[in-house]
Each structure stands twice: as C-alpha cells, then as structure tokens.
Amino acid sequence: MPDAADESRPVVSGATPDDDYRVVVGEECFDWRWLSDSGLREALDTLAELLEPLADGRRAAFTEFAYDTDCLPSVTLMDALYSRDSPLPHDERVLLQQLLGKCRLVTSDEGDWPSPVKVADGPELEPSWGAAHALARAADGRAMSLLLASYAAEPDWPSGWLTITRPSAVGDDEVTMHVLRRPEDAPGFWRGLYTHEHVPAGLFFDLTQDAFPQLLFADSLRLQHFKGSYADVLPWLVKLLGALNDHFSRILSDCGGDQNQVMARFSALGLDISPESANTKKNAKAWEERHVDHDGATYCCEWHGKRMWDRDRVHFSLPLPEHDGRILVGIFTGHLAT
C-alpha cells in the first residue's frame, strides 16, 4: 500500500495528528445564572463528564476571557472557582478546578474577535470568545470542536459537524466545525478528524480509542495489507468502523442473531458485511487465517466487511463478553483464502 510506508504501530493512545488542541470550551458552558441549585449540580456534573476525557494538557483549551464570565449573579468564574465564599458545591468546584487546570489557557488575538455567525437558516448570533477562537482555527483548516454543554441555552446548536457562516474580509465565509454537547457525541468528532485533515496512515491508530471506543484493535493490524491506497480506503474504513462501533452489537441482538437480517441492516447503511461461509469454515487452513491473538487469548474474526467485491476486507469478531462486549477488529487484508 504505497501511502502507508510505516509498518510500526503508534504507541501513544488518544493523540491528535500534530499533538495540538482540537477542542475549545465555550464560555457558554460557564453560564449557570438561570439554574436552580439542583440544576447547577447537574450542570457541573455534565461539564465534568465532557471534560474528563479531554483534560490531559493537550487536547482541550479555553480562552482567558472565560475567567471573567458571569457564571452566577454578580459572580465571575474566577471568583466561583477560587474565592473562599464560592457559591459552588465544594466537591464539584474542586473537580472543575482540576479539570480546567489540565486544559490549555489561550490568548485570543485580533482574528478571534467575535462577529455575528449563523447556522443554516438560523438567526445571527454573536459567539463567545471561545467559539470565535475555535471558528478562527477551523477556518485555517484545522478540525475543531466547540464544547457547548447540553444545558447551554445559547447558541442553540446541535451536536455534530456544522457549517457555520461568518463574515470575513472578502464576504461571508462558510466554516465547517464540530459542536460537542453530549459525551456520546465525542466519537463523531474524532472520526471526522480522520477525513477532515487527511490523517496520515502512520497516525491512524492514535485516534482509534477515541473514535471507536467499543472496538478493540489487534496489534497485528497493518493498513498496508489493504490492496487499495490509503486515500481510497480511509473514508470507507472510518464509516465501517463507526457503524461497527455504534450498531453491530445492537443490531445483532435486535435480529436475534439472524445473519441475513444483520447484513440487510448494514446494507441499508451503505455497508457490505457478512459472516464467513460454511465452505470457508470447512477449510481448516482458511479458517485458521481468521483467528487472531489479542491480549493473551485467541479470537475468531468470523465476520468481515468489504470495500469492493474482490478486495479490501476488515475481519472482526462477535461481541466479546470478557471485554465488556467490545468487538475485536483483527485483520486488515486485501482478501483471505476461502
């Protein structure tokens, strides 16, 4: 596979392609003025759940203006976090201090000045400094996500990849950016990063833990084992792995193990998957090729997805009870013996 010359597997899990931050926390996340006491605790728990997997010193940032945000009536975020008479619940306040302390603090520049923006036919809204900063980085070609917790009232944008219109020096500028409102929507961002930035083959496995948390990946996997080029294979591969992560276990259960129904459900998603045939199972040598060592045990990757009828297969297991129901992706190949 000519695009993927590096045979080694990366060892750093969760890294971004250039180890730069990709998530910016919008100041809207710190506006709790309209919440009741119980609502405030829920909001702080939600924010912590969003931040915990991101607060590692690299991947998430917030702007210096966040500390001046009025998070409660007449109380700035700085006072709420660090004053002795803070109105925030103690345990939640300490956790938020720790999480923000692990995020990057960035200084906005002239290019980040908040200007009215809108999504689709929605109203024009003036974004926060954090949102404007994320948009400015996205306009430069980076894959960016704006963290807007689900309780944030404005802007009322959905989770996912959005096209946002903002003014520029030469007229309206359309910028593609991700919005993260719920923890379960985070994998969609990391998957989009693959194709948005054309993540090189040597860094493919750096993102798999975040992009496909319900999948396991065998150490023996090599992208070079596909017949197609990395550029051709990548969009299909990300789509297939995303569908396996999100749907395979549930569809298998819903269909009562009926393989034809499972295949039909994935066909409706635009994906071709199937179990190995009876003839393949009878061929001892071919069947052995579907067995993969992982974490001290050997598993059978008895299902596969194919990009084309004659090439590029991903072989994977049924959900593994000993690994909390996760699915082992065991083989990347052009085609195995049948």
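Some observations on this one:
- Exposed GluC sites (Glu not before Pro) absent: longest stretch of the chain, with sites in DSSP loops and at most 15 other Cβ within 10 Å deemed exposed: 125-338
- With Rh defined as the Kirkwood radius, the inverse of the mean 1/r over Cα pairs, the Rg/Rh of segment 168-244 is 1.05.
- Compared with the dominant principal axis of the Cα atoms in the chain, helix 90-101 is inclined by about 70°.
- Remark: segment 201-338 carries 45 Å² of accessible area per residue (probe radius 1.4 Å; ligands, DNA and RNA excluded).
- Unit charges at the beta carbon, dipole of the chain: most positive-side option, His291, Ser220, Asn245: His291
- Packing, taken as the mean count of other beta carbons within 10 Å per residue, orders the peptides 267-273, 74-80 from highest to lowest as 74-80, 267-273.
- Counting only Cβ charges, +1 for Lys and Arg and -1 for Asp and Glu, the dipole size of the chain around its Cα centre is about 1460 debye.
- Taking the accessible area of the chain, probe 1.4 Å, and keeping the other protein chains in place, the carbon and sulfur fraction comes to 48%.
- Pairs of Cα atoms farther than 39 Å apart, the chain, %: 25 percent
- Segment 54-114 and segment 196-213: distance between their alpha carbon centers, rounded to Å: 29 Å
- log10 of Debye I(q)/I(0), alpha-carbon scatterers only, for segment 115-263 at 0.10, 0.19 Å⁻¹: -0.46, -1.15
- Förster radius 25 Å - calculated FRET efficiency between Glu52 and Glu197 (Cβ-Cβ, nearest 0.05): 0.55
- Reported value for segment 42-161: 123 Å³ per residue, from the convex hull of its C-alpha atoms.
- Distant-in-sequence amide H partners of Val179 (H built 1.01 Å from N, under 5 Å): Leu146, Gly160, Trp161, Leu162
- Set of lysines with alpha-carbon distance to Lys285 below 24 Å, sequence-local pairs under 8 removed: Lys227, Lys306
- A DSSP coil position with no more than 14 other Cβ atoms inside 10 Å describes the following chymotrypsin sites (Phe, Trp or Tyr not before Pro) in segment 293-333: Trp309.
- Sorted peptide list for 278-284, 29-35, 99-105, criterion being average Cβ within 10 angstrom, highest first: 29-35, 99-105, 278-284
- Cα-Cα P(r), segment 253-304, percent of pairs per 10 Å interval: 22, 40, 34, 4
- Computed over the Cα atoms of segment 182-338, the ratio of the radius of gyration to the Kirkwood radius (Rg/Rh) comes to 0.94.
- DSSP bridge orientation in the chain - percent antiparallel, rounded to nearest 5: 70 percent
- Each stretch of four or more DSSP H residues adds -39500 (n - 2.57); spread over every residue of the chain, this sum gives -8500 deg cm²/dmol at 222 nm.
The values are calculated or read from the model by the stated rules, or taken from the named source; none is laboratory data. None of these values were measured; they are calculated from a predicted model. Heads up, the Cβs are rebuilt from the backbone with ideal geometry, glycines too, and the neighbour counts pull from every protein chain shown. Heavy atoms of the whole protein, side chains included, go into the accessibility calculation; ligands, DNA and RNA do not. Shrake-Rupley method; radii C 1.70, N 1.55, O 1.52, S 1.80 Å.
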